[in-house]
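The block underneath contains the structure these notes are about, expressed in C-alpha cells.
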Amino acid sequence: MVIETTLLRWIIALPALGVLFHVFVGRRATGAVKWVGPGLVGAAFAVARAAASGLRVMPAGTALHDHVYTWIVAGPFRAEVGLRLDALSAVMALVVTGVGFLIHVYSVGYMHGDRGFARYFAYLNLFTTAMLILVLADNLLLLFVGWEGVGLCSYLLIGFWYEKPENAAAGKKAFLVNRIGDAGFLLGLFLLVWTLGRQGIWTVDIETIRQHADVLGAVAVPVCLLLFVGATGKSAQIPLYVWLPDAMAGPTPVSALIHAATMVTAGVYMIARLHWLYALAPAALAVVAVIGVTTALFAAVIATAQVDIKRVLAYSTVSQLGLMFLGLGVGATGAAVFHLVTHAFFKALLFLGAGSVIHGLGGEQDMRRMGGLRPHMPVTFVTMTVGTLAIAGVPPFSGFFSKDEIVWAAFSGPHGAPVLGVLAFVVSFLTAYYTGRLLVLTFLGECRAPEDVRHHIHESPAVMTLPLAVLAVFAFAGGWLPVPAILEPVIGVTEEAEAPLWMFTLASAVALGGLGLAGVLYVARPDLPGAIARRLDGFYALVRDKFRVDELYDATVIRLVFAAADVSARRIDPALIDGAINGTGLLVAAISGASRRLQTGNVQHYALSFLVGALVLLGYWVMR
Amino acid sequence: MGPTPLGWYLALSAVLFAIGVLGVLVRRNVIIIFMAIEIMLNAVNLAFVAIARSRGSMDGQVIVFFVMTVAAAEAAVGLAIILAMFRNRETTNADELATLRW
C-alpha cells in the first residue's frame, strides 16, 4: 500500500534552504549560520522522524510517497521527481539526518573562527541534501542525481582548505575516482532501462522495475555488475577505494560525515535497495561478496601499520564497508544495513573523537607524538573507548550484534561459504587489534608530544563533546535497535538459522583477543612492535606504504592516461582538429577567391549573364 | 494587296530586339546602351500591337500604353542617373564605371 503525502519533500527542502541561506546571507551573518546550519538538519530529522513514526503505525509494507513533479517526458519514457519512504529509506534518512545533525553541531565548535565558516556549512548542508535525495528517490534517475550530488560535495569538502595543494589534489582524486565508478553506474542504468524499454516498459521507477524484473533474464548479471562498479567508487571498495584514505585532507567532521552518514553508505544502500535485482544474478552477488571480503581484509591489514590517527580510521572504514558488501553478497541484506547503521554511530564517534584529539593537540595527527591524553581529555577518552569497543565487536556494544550477523551469514547464509566466514573472523580480529592500538597509542602510556604542545592540551568545548556523548550512547546501545526486523517488509525475510552459542563466544573471543594483543604489544611490551617490524622488514614496509597501490595505479592507469592525453595534444589535436578547422577556412577562402572574379562591377557583364540565363530558360521551355 | 502578314511584324520585332541586345552588350557609351534598351522596349511594343491587331483584341494595345508610360518614366530617371554619374566621373564609358561607389 502506498500513501501519497507532501511531507517528504520537506526532509530535502529544509537542508536545501540552509544552502541558500549560507550562500546568500551567510557571509554577512556568521552568527546566524551556526544556528541555521545544524538547526535545519535537525528540523529535517524531526520531519523524517515524524514520517517514520507514521509509517510504523501503518500495516507492514506500507510506503509513503510524495510526487513532486513530472521531470522528463520523452515519448513513452517518463521520469518523475518522486520521493518514497519505506522502512529501508526511513532507516537511512534517520541515520543521515540524525548523525548528520550531530556532526553539524560538532562542526560549530570545530570550525569556529574559520574564514570559510558560511561556505563550510553551505557545503555540509548541500551534502546532506544530496544524500537525502539519493536515499528518498523513488526512481534510479533521481537516485543518480543524489549520487552525483554527494560526489560533488565530497570534492568541495575534501578540498575545503584548497590553499594547500595536497588538499586540492585529494579532492580532485576523490572526484575523478568516483567519476570512474559513476560511469559504470550510468552504463548499468542505461542497460537496464534499454532492456526493459525494448519490452515496452519505459521506466526508471524502482517499484515498476521490480515488478518486471523477470523480463531482464540474463541481462541482470551485467546490469548488477555495472551498478556494483558504481558502488565500488562511492563506497570505496577494491579497486576504487584509493580516494577514501586521502579524503581525510578535509576538516575532520567532514571525514566523519563522509565515512559515517553520507557518501560511502550510498553504494551499500543502492545494492540493498536493488537486492531483488541482485537475487536474479547470483554471479554478481558472488562478485560482491568476494570483493567485499577482499577489501575488508586488505584495508584491515593496511590499518594495522598506519601512524596517522585519521588514516587508521579511514582504512577502518574501507574495511567495515567491505564487511557490509560481504553481507550483501551472501544475501544478508538486513544485516548489512544493520551494520551500516551501527557503523554510522561508532565511526562518526571515532572520527569526531579523533577530531577532538587533533583539536586539543593543535593539529597533530601523528599517533607517535600522542599518548597519555586520558587525564587531559576525559570525555573524549571515555567516548572513544566506547567507539573502540563497539567497532571491535565486544558484547554488548552495537558492533557486536551487527558484525556478528554478517559473519554468521557468511558461514550459513543462502550464498555463504565457510571460507568467507573465516576471513570475516580474521577481519574482526584485525579490526579489534588496530582500533585497540589507536586507543592505546593516543590515550595511554607516556605523553610523547613536544614540550610546547604539551602545555596547551585541553578538552574540547561542550558543543563538541556533547555530540560525542550522544553518539557514544548510540554506539553502545545501537545494537538493540531491531533494524533487520524493521526492514523485513522491504527486503524480505532471510532464511537463516539463529547463530549458535559458539558463534557468540568465538566472536567475543576474537574481539577481546585483538584488543588484548594491542594491549600486550603497546602497553606491556612496548619494545615488541619495533622488533616485529624489523623481523618482517620488507613486508612491514609494504603494509606501511599501503601495498603501494597508489604507486601501482600511478605507473599503470595514470601514466597510460597521461600518455594518451599527450598523444592527443601533440599529434591528434594539431593534425585532426586544427586541420579540420583551418581546412574549412582555407576551403571557403579558395571558393570565394574563385567566385569573386565573377563580380567585375561592369554592368555589361551582368547584362550578358542575364542574356545567357534568359536563353537557358528559353531553351528549357522550348525543349521540354 | 491584302494586309501585311503577322510574320513580317514579328520578324521586324525580333530583329529590332536583337539589335537592342547587341547594343547593350557591345557598346561602351552608357547613353547608347540606354538607347539600345529603348529599342528593345519598342521591339516588344511592336510585337504586342501586331498580335493584338491580328487577333482583334485590345489587350495587347493597352499593355503597350503601359509600357510607353513606364518607358517615359524610366527615360527620365535613367537620364538623370547618367547625368549625375557624368558630373561625378566625367565619363560615360561603361568600362570606367565598374566600381559601384559614388
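Below are the figures for this structure:
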| quantity | calculated |
| --- | --- |
| Rounded to 10°, Cα long-axis angle of helix B:59-89 versus longest principal axis of chain B | 10 degrees |
| Taking all pairs of distinct alpha-carbon atoms in the stretch A:219-351, Kirkwood radius in angstrom | 14.4 Å |
| Percent of C-alpha pairs per 5 Å bin, the stretch A:1-129, short to long | 2, 11, 19, 18, 15, 12, 10, 7, 4, 1, 0 |
| Largest-first principal axis extents of the Cα set of the stretch A:512-571 (Å) | 64, 24, 12 |
| Virtual spin-label span in nm between residue A:456 and residue B:25, 7 Å along Cα→Cβ | 10.0 nm |
| Interface area, B with A, accessible, probe 1.4 Å, both sides summed, Å² nearest 100 | 700 Å² |
| Calculated from backbone phi, Karplus (6.51, -1.76, 1.60) coupling profile of the stretch A:103-117 in Hz, x at Gly/Pro | 5, 4, 4, 4, 4, 4, x, 5, 9, 3, x, 6, 4, x, 4 |
| Relative compactness, the stretch A:85-129, computed as alpha-carbon Rg over 2.2 N^0.38 Å | 1.35 |
| With DNA, RNA and ligands ignored, accessible area of residue A:617 (1.4 Å probe; Å², nearest 10) | 110 Å² |
| Accessible area per residue, Å², the protein assembly as shown with all protein chains present, probe 1.4 Å | 46 Å² |
| Residue-level accessible surface for residue B:86, protein heavy atoms, 1.4 Å, Å² | 100 Å² |
| Integer Hz, Karplus 6.51/-1.76/1.60 couplings in order for the stretch A:391-396, x for Gly and Pro | 6, 5, x, 7, x, x |
| Positive-end residue, the protein assembly as shown charge dipole about Cα centroid, Cβ charges, pick of A:97, A:342, A:248 | A:248 |
| D_trans [Stokes-Einstein, Kirkwood Rh over alpha-carbon pairs] for the stretch B:28-89, 20 °C, 1.002 mPa s, µm² s⁻¹ | 166 µm²/s |
| Whole-number Å³ per residue for the convex hull built on Cα positions in the stretch A:550-623 | 140 Å³ |
| Within the protein assembly as shown, helix-based [θ] at 222 nm, where runs of 4 or more DSSP H residues each add -39,500 (n - 2.57), nearest 500 | -23500 deg cm²/dmol |
| Separation between Cα centres of the stretch A:42-94 and the stretch A:370-389, rounded to whole Å | 40 Å |
| Simple spin-label estimate for residue A:70 and residue A:589 in nanometres, 7 Å along Cα-Cβ | 5.4 nm |
| Under-15-angstrom lysine pairs by C-alpha in the stretch A:1-279, whenever the two are 8 or more apart or on separate chains | 4 |
| Within the stretch A:1-117, percent of DSSP bridges classed antiparallel, to nearest 5 | 75 percent |
| Enclosed volume per residue, in Å³, of the convex hull spanned by Cα atoms of the stretch A:1-279 | 120 Å³ |
| Cleavage-rule hits, GluC sites (Glu not before Pro), the stretch A:425-495, DSSP coil, Cβ neighbours within 10 Å at most 16 | A:446, A:495 |
| Solvent-accessible area lost in complex, 30 Å² minimum, residues of the stretch B:21-47 relative to chain alone, 1.4 Å | B:25 |
| Ratio Rg/Rh [Cα only; Rh per Kirkwood] for the protein assembly as shown | 1.34 |
| With DNA, RNA and ligands ignored, accessible area of residue B:40 (1.4 Å probe; Å², nearest 10) | 50 Å² |
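The values are calculated or read from the model by the stated rules, or taken from the named source; none is laboratory data. Keep in mind the model is a prediction, meaning the values are calculated, not measured. Positions of Cβ are generated from backbone atoms using ideal geometry, with glycine treated the same way; all protein chains shown enter the neighbour counts. All accessible areas refer to the heavy atoms of the entire protein, side chains included, with ligands and DNA or RNA removed. Shrake-Rupley method; radii C 1.70, N 1.55, O 1.52, S 1.80 Å.
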